[in-house]
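Right, one structure below, let's go through it.
The values are calculated or read from the model by the stated rules, or taken from the named source; none is laboratory data. Note that the structure is predicted; figures quoted are calculated from it, not measured. Counting neighbours? That spans all protein chains shown, and the Cβs are built from the backbone with ideal geometry, glycine included.
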Amino acid sequence: MRRAAQLLAGIALLGGCRGEQTPTESTTHIQPHAAADETYADENKDLATLRRVTAPFHDFKTAVAAGWSVPITECMSDPAGGMGWHYGNPGLIDKSVRVEEPELLLYEPERNGRMRLVAVEYIVPLSAWTSPQPPRLFGRAFVDNQAFQIWALHVWVWKDNPRGLYADWNPQVTCEHPSATPPMSH
């Protein structure tokens, strides 16, 4: 009984020690966590912005009318997964990156013949980027894609990707329904 009373007293004392800590050398580890929280909050804010600005483009015709009308690739697939059709807005393909202006929209063909918006891709031509560091958005560095001579960052904002939000290939995306081929722009 005495042991239980001591245990309860210890728990009560610990509960009372929740006051603010005075910053000391032993508590400086709190600062990186705060920075990580701020980075996470910024990433979530940027993802919300991306969803808001691309939501109208679930309708492929709306995306084409807004400038994402140039077919960059046909439906891309790989043993690692798929990416879908890439449609670009040529006016955005330059040496800058902006959360609210993805250069490419990625569409997956569906059984019903429609195109489903699944992701965006931010790109910068390798020749246009002069910094020794790769471009960054969402706290992530772009990937050097030598095949297309671009810096690239995929964001699977509209379809879950078990490999991660920023992975290149998505095993849940398929090119199995070619009848959904979107009209090519003129």
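Descriptive notes on the structure:
- Cβ pairs under 8 Å, 6+ apart, first in segment 163-186 and within 18 Å of residue 61 (Cβ to Cβ) and at pLDDT below 75, second among the small types (Gly, Ala, Ser) and part of a loop (DSSP other than H, G, I, E, B): 179/113; 180/113; 185/69
- Search result, residues across segment 135-174 that are charged (D, E, K, R) and in a loop (DSSP other than H, G, I, E, B): 159, 160, 163, 168
- Residue pairs whose Cβ atoms lie under 6 Å apart, sitting 6 or more positions apart in sequence or on different chains, and linking a residue in segment 124-150 that is closer than 17 Å to residue 102 by Cα to a partner that is among the acidic types (Asp, Glu), are 138/43; 138/46; 139/43.
- Any hit, segment 115-133, residues being charged (D, E, K, R), out of contact with any Phe, Trp or Tyr (no Cβ under 9 Å at 6 or more places or on another chain) and surrounded by fewer than 18 Cβ atoms within 10 Å (Cβ to Cβ): no
- Identification of helices (runs of 4 or more DSSP H) wholly contained in segment 1-83 with 2 or more residues that are within 30 Å of residue 158 (Cβ to Cβ) and modelled with pLDDT of 50 or more yields 30-54, 60-65.
- The conditions of being touching a strand residue (DSSP E or B) at 6+ places or on another chain (Cβ under 6 Å), of a type outside the set (Lys, Arg) and part of a loop (DSSP other than H, G, I, E, B) are not met by residue 132.
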